[in-house]
Amino acid sequence: MDEQARQTAFMSALVTEHFVLQSVASTTVSEAGSRASLYVFSLSSSLVAMGFTAETDAFSTLVAAVLPALFVLGWFTVVRLVDTSVGSYRVQEAIAHIRGFYRQLTPEAPYYFPVWQGTDEEAAEALAMLGTQPRRSIVLFTTAGMVAAINSLVGGVGIALLTNEVLGDVSDVLVVVAGCGFGVACLAVASIYQLRRYTGTAAEEARRWARR
């Protein structure tokens, strides 16, 4: 195979890889939306069921059975949503490396494949393609962060109801403090988990590409 044929084959393979990576990125976004919708649908259906039994003796039993299940489902959903976010970031960083090659093809190529400024060019470009900025507060605005916030509310309500049920006639302040404290703690744990996964993935990807 001569040099011209080799370059043609390489460009064909590179474009194919770019297309495959874009398809994978689209799949991760689709899965994240489906999982978040499944959780919200489960929550809304459960709330409707609780509303129908609010004035019956079955209400306490239903709440005791449904809220813990929803809370566990919420955590499973958060973990998986973080996984899809990590997968999407890795795909976008791989695409950023391919775009780096495209920028070198012709003198005018950088105009059509601009560089995102950052301490790590590919990492900054990957985040830009995801529509995010490298800041800690980003964990509050992801799909996982949204589900974590709702799930923390579910957990807080469950703890408030449990506190009222176990302690009997206690002040509303104690019930509210118990529920809010648990909810805030859950949201903090979810945020820390997200942040560690994202920063760990970014560092791992930087080391992996540096070895190449």
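The values are calculated or read from the model by the stated rules, or taken from the named source; none is laboratory data. Remember, it's a predicted structure, so these values are computed and weren't measured experimentally. Cβ placement follows ideal geometry from the backbone for every residue including glycine, while neighbour counts extend to all protein chains displayed. Keep in mind that these areas ignore ligands, DNA and RNA; they rest on the heavy atoms of the full protein, side chains included. Shrake-Rupley method; radii C 1.70, N 1.55, O 1.52, S 1.80 Å.
If the condition is being open to solvent by 80 Å² or more (accessible area, probe 1.4 Å) and in a helix (DSSP H, G or I), then region 135-160 contributes Arg136, Leu140, Met146, Leu153. Against the conditions (1) open to solvent by 60 Å² or more (accessible area, probe 1.4 Å); (2) farther than 25 Å from Ile192 by Cα; (3) assigned to a helix (DSSP H, G or I), Val72 satisfies every one except (2).
For Ala54, the conditions (1) within 17 Å of the chain's Cα centre (by Cα); (2) among the aliphatic types (A, V, I, L, M); (3) not in a helix (DSSP H, G or I) are fulfilled apart from (1).
When region 173-203 is examined, which residues are found to be open to solvent by less than 40 Å² (accessible area, probe 1.4 Å), within 24 Å of Leu162 (Cβ to Cβ) and among the β-branched types (Val, Ile, Thr)? Matches in region 173-203: Val175 only. The residues in region 53-69 that are surrounded by 13 or more Cβ atoms within 10 Å (Cβ to Cβ) and in contact (Cβ under 8 Å) with a residue 60 or more places away in the chain can be counted, and the count is 3. Only one of the listed residues (Thr119, Thr142, Thr132) is at pLDDT below 85, β-branched (Val, Ile, Thr) and under 17 Å from the mean Cα position of the chain (by Cα). That residue is Thr132.
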